[in-house]
Structures are given as C-alpha cells and as structure tokens.
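As structure tokens, the structure follows; a few thoughts come after it.
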Amino acid sequence: YRTREDLNELFRGLVKAALWVSPIALFEMRMSPQLHNWFYGFIPIDSWDQVVRAGGYRPLGFTRHGLAFVLYFFAATLAAIALRGERKPNGRRVVGLWVAPFLAMITFAFGSLGAALYTMVGIALLLFVPARLQLVVALVAGLFVLSFPYQRWHDTFPTEKFVENARAQADEERAQSLEFRFLNEEMLLERVKMRPIVGWGEFGRANVYDTFSGRRITVRDGAWIIQFGDRGLLGLVWMFGMLVLPLIASVFA
C-alpha cells in the first residue's frame with residue numbers, strides 16, 4: 001500500500017468487514033461469547049472473568065481474545081473517520097456519516113478502557129489535529145512503545161503511579177486489571193532474562209509455572225512481552241522496529 005488510492009481501498013475493506021461482523025459483536029455482548037463454543041466446541045480464554053465487563057459481556061467474535069476483537073473495531077472506527085471526506089465518481093460518500101459513530105459505539109460497548117481511550121484520542125487527532133502534526137504524535141507514541149520494554153527491564157516505568165491513577169480516574173476493577181498485568185510482566189521478565197537474545201520459542205515455554213504442581217501461574221497479556229518471551233530481543237526489535245520505521249520515514253520525508 002503505497003498510494004492514497006491503495007490506502008482508501010484498504011480502509012474501505014476494513015470498514016465493510018467491521019460492519020459485517022458487527023452483528024456478531026452485538027449478539028455476544030447480549031448473550032455472552034458462545035458462538036466459538038457452539039461452532040468449535042471450546043472457548044479460547046483462560047477464565048470467564050475475562051469476558052465479563054461493566055454488567056455485560058466482552059465478545060470474542062471467533063478471535064483468540066476479546067481484546068483482539070475490540071482493537072479491530074477501534075481500527076475500523078478510525079478508518080471510517082479517515083474516509084469521511086472521500087466521495088465516489090457519482091458524488092456519493094464512500095462511507096456514510098452514520099458508520100463511524102456506529103463503529104465507535106460498538107467499540108465503547110466492549111467495556112475495554114484501553115481501547116476506549118485509544119478510540120477517543122484517535123478521533124480527536126483525526127478531527128482536530130493537522131495531518132503533519134498527526135505524524136509527529138504517531139512517531140512520539142511509536143518511540144514510547146520502543147522505550148517501554150527498556151523501562152520495564154530496568155524497572156524505571158512508574159507502574160504504581162499508573163495503578164493509582166487508574167484507581168482514582170476509573171474504578172477499582174480497572175486498577176486491579178492494570179496491576180495484574182504489571183505483576184505478570186515482572187514475573188515474565190525474570191523468565192525472559194534467562195534467554196534475552198532469542199527468547200524461549202513457542203509452546204508456552206516463556207510462561208512461568210508452579211514448581212510443585214506444574215500449573216501455569218502467569219498470563220501474557222501484552223504484545224511486547226509475548227514477542228519478547230517467544231523471540232527475545234531480536235524478535236522484539238524486528239516486530240516493533242518495523243512498525244515504527246514507516247513513521248520515522250514519513251515524518252522526515
């Protein structure tokens with residue numbers, strides 16, 4: 001995807017696909033994530049607590065986790081906003097004005113605080129910030145993503161302050177969820193430090209297990225720690241470096 005037309009085609013496909021799967025999301029929000037179980041005989045989550053959110057359910061939509069599903073709607077929402085000014089040769093809009101609010105509503109209904117914040121920030125950037133400044137903001141965010149594993153490795157990231165802010169600005173449930181993620185990252189990092197260059201590979205070897213029972217006691221809930229654990233520093237730099245490289249090229253082009 002190298003041209004404006006290429007990106008428009010990509011965004012149109014993303015928005016159309018999100019609209020097609022939106023009934024699945026709405027159904028599982030009301031009836032609970034049962035479609036995976038009905039079709040395949042199992043649900044790919046560790047605990048049912050991961051799908052209970054804000055008095056409802058966080059749908060799976062045939063994905064491995066509800067967080068993956070909600071990020072798809074987040075991306076489709078921003079794509080719909082980006083296409084708001086595009087028109088077909090006959091003068092009709094490529095995407096109706098109702099599409100972005102509808103997809104944003106579904107994204108917020110997932111009950112995922114992180115995805116909701118990403119969506120609000122993304123909408124604000126697209127609607128109120130000039131395009132050149134958008135690139136700068138994206139680059140700063142990308143550089144923060146690259147620096148985050150370094151900060152966690154050296155224990156310089158203020159995890160306690162973030163948990164306290166979540167407790168003050170959101171609620172106890174969200175604060176506990178964030179604290180749970182940080183605690184698991186710390187245990188997983190100690191595991192990764194035994195093989196930091198190439199990681200532990202697949203089949204759950206990067207997890208931490210109870211010495212006596214053999215039961216897995218960690219949950220890998222972040223893309224960076226999953227990549228770091230499986231493929232080490234080489235995989236981490238390869239994955240996130242390749243994502244940030246286009247931002248650097250765009251800003252300095």
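Any idea which of 103, 19 is within 30 Å of residue 246 (Cα to Cα), at pLDDT 90 or above and in contact with a Ser or Thr (Cβ under 8 Å, 6 or more places away or on another chain)?
Checking each option against the conditions leaves just 103.
Going residue by residue through the stretch 156-174, is there one that turns out to be more than 20 Å from the chain's Cα centre (by Cα), in contact (Cβ under 8 Å) with a residue 12 or more places away in the chain and farther than 18 Å from residue 114 by Cα?
No, because not a single residue in the stretch 156-174 is more than 20 Å from the chain's Cα centre (by Cα), in contact (Cβ under 8 Å) with a residue 12 or more places away in the chain and farther than 18 Å from residue 114 by Cα.
Only one of 201, 235 is touching a residue at least 24 places away in the same chain (Cβ under 8 Å), farther than 19 Å from residue 68 by Cα, of a type outside the set (A, V, I, L, M, F, W, C) and not in a helix (DSSP H, G or I); which?
When all the criteria are applied, what remains is 201.
Taking residue 207 as meeting all but one of (1) surrounded by 13 or more Cβ atoms within 10 Å (Cβ to Cβ); (2) in a helix (DSSP H, G or I), write down the number of the exception.
Exception for residue 207: condition (2).
Can you tell me which residue in the stretch 204-242 is farthest from the chain's Cα centre (by Cα), limited to those that are among the basic types (Lys, Arg) and farther than 14 Å from residue 189 by Cβ?
Filtering the stretch 204-242 for residues among the basic types (Lys, Arg) gives 205, 215-216, 220, 231.
After this cut, where a residue has to be farther than 14 Å from residue 189 by Cβ as well, the list is 205, 215-216, 231.
Details: 205: 23, 215: 27, 216: 24, 231: 20 Å.
Out of the qualifying residues, it is 215.
Across the stretch 155-186, what is the number of residues that are polar (S, T, N, Q) and at pLDDT 90 or above? Even if it seems obvious, please write down each step before you answer.
Our first condition is that a residue be polar (S, T, N, Q); within the stretch 155-186, this holds for 156, 159, 165, 169, 176-177, 184.
Those still in the list that are at pLDDT 90 or above too: 156, 159, 184.
Total meeting the criteria: 3.
So which of 44, 59, 89 ends up being open to solvent by less than 80 Å² (accessible area, probe 1.4 Å) and farther than 30 Å from residue 244 by Cβ?
One residue alone meets the criteria, 59.
Based on this model, can you work out whether residue 189 counts as in a helix (DSSP H, G or I), within 30 Å of residue 77 (Cβ to Cβ) and either hydrophobic (A, V, I, L, M, F, W, C) or at pLDDT 90 or above (or both)?
No; evaluated as a whole, the condition is false for this residue.
What number of residues in the stretch 210-223 are modelled with pLDDT of 90 or more and surrounded by 17 or more Cβ atoms within 10 Å (Cβ to Cβ)?
Within the stretch 210-223, residues that are modelled with pLDDT of 90 or more and surrounded by 17 or more Cβ atoms within 10 Å (Cβ to Cβ) number 1.
What do you reckon, is residue 70 within 24 Å of residue 222 (Cβ to Cβ) and touching a strand residue (DSSP E or B) at 6+ places or on another chain (Cβ under 6 Å)?
Values: within 24 Å of residue 222 (Cβ to Cβ): yes; touching a strand residue (DSSP E or B) at 6+ places or on another chain (Cβ under 6 Å): no.
Against the criterion (within 24 Å of residue 222 (Cβ to Cβ) and touching a strand residue (DSSP E or B) at 6+ places or on another chain (Cβ under 6 Å)), residue 70 does not qualify.
Do you know which of the residues in the stretch 9-63 that are within 23 Å of residue 81 (Cβ to Cβ) and of a type in the set (Phe, Trp, Tyr) is nearest to the chain's Cα centre (by Cα)?
For the stretch 9-63, the residue satisfying everything is 11.
Contact list please: Cβ distance under 6 Å, first residue in the stretch 46-66 and on the phi > 0 side of the Ramachandran plot, second residue assigned to a loop (DSSP other than H, G, I, E, B) and surrounded by 11 or more Cβ atoms within 10 Å (Cβ to Cβ), pairs at least six apart or on different chains.
Between residues of the stretch 46-66 that are on the phi > 0 side of the Ramachandran plot and residues that are assigned to a loop (DSSP other than H, G, I, E, B) and surrounded by 11 or more Cβ atoms within 10 Å (Cβ to Cβ), the close pairs are 54/111.
I need the full set of residues from the stretch 129-186 which are farther than 26 Å from residue 233 by Cβ and crowded, with 16+ Cβ neighbours inside 10 Å, in order please.
135, 163, 166, 167, 174, 175, 177, 179
The values are calculated or read from the model by the stated rules, or taken from the named source; none is laboratory data. Note that the structure is predicted; figures quoted are calculated from it, not measured. Here Cβ is always computed from backbone atoms with ideal geometry, including for glycine, and neighbour counts include all displayed protein chains. Only protein heavy atoms, including side chains, enter the accessible area calculation; ligands, DNA and RNA are left aside. Shrake-Rupley method; radii C 1.70, N 1.55, O 1.52, S 1.80 Å.
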